[in-house]
1. Could you list, in sequence order, all residues of the range 104-137 that are out of contact with any strand residue (DSSP E or B) (no Cβ under 6 Å at 6 or more places or on another chain) and assigned to a loop (DSSP other than H, G, I, E, B)?
2. State which residue is nearest to residue 136 (Cα to Cα) when the search covers only the range 56-102 and only residues that are out of contact with any strand residue (DSSP E or B) (no Cβ under 8 Å at 6 or more places or on another chain) and surrounded by fewer than 18 Cβ atoms within 10 Å (Cβ to Cβ).
3. Being closer than 28 Å to residue 89 by Cα and touching a residue at least 24 places away in the same chain (Cβ under 8 Å) is the filter here, so list the residues in the range 54-75 that pass it.
4. So residue 110 clears everything in (1) within 20 Å of residue 73 (Cβ to Cβ); (2) surrounded by 14 or more Cβ atoms within 10 Å (Cβ to Cβ); (3) under 17 Å from the mean Cα position of the chain (by Cα) except one condition, right? Which one?
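Only the coordinates and a few stated rules stand behind these numbers; no lab work does. Quick caveat, the model's predicted, so the values are computed rather than measured. Glycine also receives a Cβ, built like all others from the backbone with ideal geometry; neighbour counts cover every protein chain displayed.
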């Protein structure tokens, strides 16, 4: 009987201590991965996307008008953009940031293109390199932002 009471006591203490612990996802953000936290009166909320990718995507797409930007879901939708040198063509992009880690596979981009035919806009083929070049530009900018945020080593 004595053994089971002692075991029960140890088990109860372990469960009590485990309940006092904290979930690392709810602690301060991981600054090495670039997660973003937004503070509020009730605490802070950690976003599910990498802040370097988020800011780099906004920087890279700054020339295009934004239709929607959701920092919690990691979705950036641009509106149609026409280059002044070619007003009969327009493009828009959807950027999806899929991860908290700064990785190439944490970014997905869809590019759409239309050409003007008379008074109507008609869907047109997008050069497959366009999304790749846009992705490369965002990743390069994200790396620059991460390096700029690292503390300098003495």
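1. Those that are out of contact with any strand residue (DSSP E or B) (no Cβ under 6 Å at 6 or more places or on another chain) and assigned to a loop (DSSP other than H, G, I, E, B): 118, 119, 125, 127.
2. For the range 56-102, the residue satisfying everything is 59.
3. Those that are closer than 28 Å to residue 89 by Cα and touching a residue at least 24 places away in the same chain (Cβ under 8 Å): 54, 55, 56, 57, 59, 60, 61, 64, 67, 74.
4. Status for residue 110: all satisfied but (2).
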